[in-house]
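Remarks on the structure that follows.
The values are calculated or read from the model by the stated rules, or taken from the named source; none is laboratory data. Owing to the predicted nature of the structure, the values given are computational and were not obtained by experimental measurement. Virtual Cβ from ideal backbone geometry, glycine too; neighbours counted across all protein chains shown. Just the protein is used for accessible areas: all its heavy atoms, side chains included, with ligands, DNA and RNA removed. Shrake-Rupley method; radii C 1.70, N 1.55, O 1.52, S 1.80 Å.
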Amino acid sequence: MRLIFLGPPGAGKGTQAKVISKKFNYPHISTGDILRESVKNNSPVGRQAKGYMDRGELVPDEIVTRIVVERLGRPDASAGFILDGFPRTKKQAVELDKEFKKAGIGIDYAIYFETSEPVVISRLSGRRVCEKCGLNYHITNIRPKKENTCDACGGALFQREDDKVETIKKRLNVYKNQTADLIDYYKDKGVLETVSGDLSVEEVFKALSVLFNKRINDRS
Ligand code: AP5
């Protein structure tokens, strides 16, 4: 299956993408994760992207699109993928469509995680991330067994620079102004499905599984 996860920051796109990726064996392609890795490695892309990311602004379309096109061309993405956090602008969506057209493929679903603003703010301001393996926690919703320590690898947990309240508000504005229109873009293409991002991790996963299993059964 070829999937696009859409929705505001903090909607739970990355959390679900990780679970779905494991269950259905599709690569989870998160532009945010790829960019953060580039910043960590101080690569040329990372140096270009860092300022935009810290300010909660979008990295220029050309940089992000190049990364995604390269990633989608790898063999593990040939049978399906989950695009998390891309596209984020109309220009990115149009470029993605061009690539799909060249490859003769289409997407199965664009899934919109419809999530209310107070939920997003509380999730992002409480998020903590493992510095070693990148696993996400939350100070009240998803707590590690040992304070500030990752359950999976023992790494220390930290707060993302763009998860400070002022930057969260900026990211929400950027989402409203530059990304929210993509909901209609994919609705017009007939591939949009909506799930409530306000539900618990397990409930959202259940809703997604129903959707995907239906598609898989329809095909067989
Ligand atoms: P990115 O990393 O994509 O950030 P984002 O979209 O702002 O996504 P988040 O990771 O904040 O939200 P999410 O929906 O994945 O939520 P998550 O599952 O993590 O992008 C960062 C930056 O990179 C951008 O600002 C931009 O600068 C740049 N960038 C990236 N892509 C770009 C593009 N295409 N174009 C240009 N620039 C780009 O969950 C959040 C928290 O909530 C976690 O603590 C989690 O544990 C918790 N949680 C999740 N689900 C639930 C639930 N159901 N119930 C309770 N808690 C939950």
Criterion (within 11 Å of the ligand (Cβ to nearest atom) and either without any contact (Cβ under 8 Å) to a residue 60 or more places away in the chain or closer than 30 Å to residue 210 by Cα (or both)) met by exactly one of 55, 71, 88:
88
Scan region 146-169 and tell me whether some residue there is touching a strand residue (DSSP E or B) at 6+ places or on another chain (Cβ under 8 Å), in contact (Cβ under 8 Å) with a residue 60 or more places away in the chain and assigned to a helix (DSSP H, G or I).
no
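Report yes if some residue within region 194-202 is of a type in the set (Asp, Glu), open to solvent by 60 Å² or more (accessible area, probe 1.4 Å) and more than 10 Å from the ligand (Cβ to nearest atom); otherwise report no.
no
If I ask for residues that are β-branched (Val, Ile, Thr) and within 12 Å of the ligand (Cβ to nearest atom), which ones from region 178-193 would you list?
179
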Check every one of the helices (runs of 4 or more DSSP H) wholly within region 32-135 and list those with 2 or more residues that are over 23 Å from residue 207 (Cα atoms) and open to solvent by 60 Å² or more (accessible area, probe 1.4 Å).
44-55, 61-72, 90-103
If you check 216, 139, which single one turns out to be open to solvent by 50 Å² or more (accessible area, probe 1.4 Å) and away from the ligand (no atom under 13 Å from the Cβ)?
216
If we ask which residues in region 7-31 are out of contact with any Asp or Glu (no Cβ under 7 Å at 6 or more places or on another chain), more than 6 Å from the ligand (Cβ to nearest atom) and open to solvent by 20 Å² or more (accessible area, probe 1.4 Å), their number turns out to be 8
